[in-house]
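Mind looking over this structure? Questions follow.
The values are calculated or read from the model by the stated rules, or taken from the named source; none is laboratory data. This is a predicted model, so every value here is computed, not measured. Virtual Cβ from ideal backbone geometry, glycine too; neighbours counted across all protein chains shown.
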Amino acid sequence: MIVSEHETAVVILSYNGRKWHELFLPAIIAEAEGNYEVVVVDNASTDDTLQFVRQNYPSVKTLQIAINRGFANGYYEGLNQIQAKYYVLLSADFEVTHNWFPPLLNAMKRYEGLAACQPKIRYWKEREYFEYAGAAGGFMDNLGYLFCRGRIFNDLEKDQGQYEDDIETFWASGGCLMVRADLYHHVGGLDPDLYAHMEEVDLCWRLKNAGYKIGYIGGSTVYHVGGSVISYGSPQKLYYNFRNNLILLLKNEKGSKLLWLIPLRLVLDGVAGLQMLAGGKFKEMGIIIKAHFHFYGSFGKWWKKRKQAKQLITYRNEEGIYRKSIVWDYFALRKKTFDKIGFTPKRLS
């Protein structure tokens, strides 16, 4: 058990991440300045990552996971061994900036009912643009599709100072997520069965259903390399995106809505598959089918998790849900940026 000497533990999950630690750990350590503990959780790396960190960064505390069972499980096991008031889940391929941490901590202390928040996330390779994994805050439309302010599907916005505010969102990026440790454990933490992708959305949804707020804090900025473990557009990412989105809905959505939403999503995912087939993407079509077979084949397991999540519901905080279809807006109406969809997030208070 690691007991943080500070109220916050910045927890970096790492798998063969030596090159990222060489690049980014020095700044993370320099910015700590007594504000937070730095903990690297090695997720059964097959290289010398753990030894490198221990030898070169003695101030960093380390944990080792014996078997790599995915991103979500790595954090699930790691955070169960760390005691702090707040956690910051920080992926290894993130670069922090000067003064990135105080705005997040101040927000957690200032805003009543705020369970978790994220900073502004920009793209490390094209630094003036927002990044896919969270951008300027995460939202969900009425059909359960996820999108971000600053990134809708494959369109990234340039950061021109348009998102400097503190707002309430539906979900916050798991790449850089600050969360109250007691609430994280209260709702069960990250679901290890999701493996990777959308596990933070599931966590945030459970926190929202327990009546808490999720936020975006515009005064903090970090940069994300992206795709360093599972690359963007890869078959593995496609599989988890389709499968896990269905799991999110089954675990957390209202029962009355599920009756029509799951069948509709089956149809819509089928349409997406047919479009891929028409474009000659036969492998991608097969991946979508595989994702659906796995979801329905394990329906009993996901339903059991729904029952567990339902016990935690006190008040469904639905701020951050866009009551229209982002798919229709984007593909049919050609609305490519957040300001075009006419959705105004609520300011944190």
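Does Lys85 satisfy the criteria of being more than 21 Å from the chain's Cα centre (by Cα) and of a type outside the set (Asp, Glu)?
no
Considering only residues that are closer than 18 Å to Ala84 by Cα and not polar (S, T, N, Q), which ones fall in the range 1-27?
If the condition is that a residue be closer than 18 Å to Ala84 by Cα and not polar (S, T, N, Q), then Met1, Ile2, Val3, Glu5, His6, Glu7, Ala9, Val10, Val11, Ile12, Leu13 are the ones that fit.
Sticking with this structure for a sec: I need the full set of residues from the range 78-134 which are among the small types (Gly, Ala, Ser) and either surrounded by fewer than 20 Cβ atoms within 10 Å (Cβ to Cβ) or closer than 24 Å to Gln64 by Cβ (or both), in order please.
Within the range 78-134, Gly78, Ala84, Ser91, Ala92, Gly113 meet the criteria.
Out of all the residues in the range 143-158, which are surrounded by fewer than 19 Cβ atoms within 10 Å (Cβ to Cβ) and free of Cβ contacts under 8 Å to residues at least 24 places away in the same chain?
Asn154
Within the range 190-216, work out how many residues are hydroxyl-bearing (Ser, Thr, Tyr), surrounded by fewer than 24 Cβ atoms within 10 Å (Cβ to Cβ) and more than 13 Å from Tyr75 (Cα to Cα).
Result for the range 190-216: 1.
Just checking, which of Phe130, Phe153 is under 19 Å from the mean Cα position of the chain (by Cα), at positive phi and of a type in the set (Phe, Trp, Tyr)?
Exactly one of Phe130, Phe153 is under 19 Å from the mean Cα position of the chain (by Cα), at positive phi and of a type in the set (Phe, Trp, Tyr), namely Phe153.
Tell me, which helices (runs of 4 or more DSSP H) wholly within the range 229-310 include 3 or more residues that are at pLDDT below 90 and more than 19 Å from Ile326 (Cα to Cα)?
Fully inside the range 229-310 and qualifying: 235-252, 255-278, 282-297.
For Phe24, state whether it is in a helix (DSSP H, G or I), surrounded by fewer than 22 Cβ atoms within 10 Å (Cβ to Cβ) and among the aromatic types (Phe, Trp, Tyr).
In short, no.
Hey, among the residues in the range 46-65 that are hydroxyl-bearing (Ser, Thr, Tyr) and more than 21 Å from Tyr76 (Cβ to Cβ), which one's surrounded by the fewest Cβ atoms within 10 Å (Cβ to Cβ)?
Ser59
Yes/no matrix, rows are residues, columns are (1) touching a residue at least 24 places away in the same chain (Cβ under 8 Å); (2) touching a strand residue (DSSP E or B) at 6+ places or on another chain (Cβ under 6 Å); (3) assigned to a helix (DSSP H, G or I):
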residue	(1), (2), (3)
Ile12	yes, yes, no
Lys19	no, no, yes
Asn35	yes, no, no
Val38	yes, yes, no
Asn68	yes, yes, no
Ala72	yes, no, yes
Tyr87	yes, yes, no
Leu90	yes, yes, no
Pro103	yes, yes, yes
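Right, next: Quick one: Arg323 ticks every box in (1) touching a helix residue (DSSP H, G or I) at 6+ places or on another chain (Cβ under 9 Å); (2) loosely packed, with under 13 Cβ neighbours inside 10 Å; (3) among the basic types (Lys, Arg) bar one, so which box is it?
(1)
Another one. Given the structure, is Ile247 surrounded by 18 or more Cβ atoms within 10 Å (Cβ to Cβ), farther than 27 Å from Ala136 by Cβ and among the aliphatic types (A, V, I, L, M)?
In short, no.
When the range 150-183 is examined, which residues are found to be charged (D, E, K, R), closer than 30 Å to Leu79 by Cα and not in a helix (DSSP H, G or I)?
Residues satisfying the conditions are Arg151, Asp165, Asp166, Glu168, Arg180.
Kindly indicate which of Gly188, Gly219, Gly215, Gly161 is at positive phi, touching a residue at least 60 places away in the same chain (Cβ under 8 Å) and over 12 Å from the mean Cα position of the chain (by Cα).
On inspection, the qualifying residue turns out to be Gly188.
Based on this model, can you work out whether Tyr132 counts as hydroxyl-bearing (Ser, Thr, Tyr), modelled with pLDDT under 95 and assigned to a loop (DSSP other than H, G, I, E, B)?
yes
How many residues does the range 160-189 contain that are of a type in the set (Lys, Arg) and crowded, with 24+ Cβ neighbours inside 10 Å?
0
Among (1) at pLDDT 95 or above; (2) touching a strand residue (DSSP E or B) at 6+ places or on another chain (Cβ under 8 Å), where does Val3 come up short?
With (1) at pLDDT 95 or above; (2) touching a strand residue (DSSP E or B) at 6+ places or on another chain (Cβ under 8 Å) applied to Val3, the lone miss is (1).
Continuing with the same structure: Residues to consider are Ala181, Ala210, Ala196; find the one that is among the aliphatic types (A, V, I, L, M) and modelled with pLDDT under 95.
Ala196
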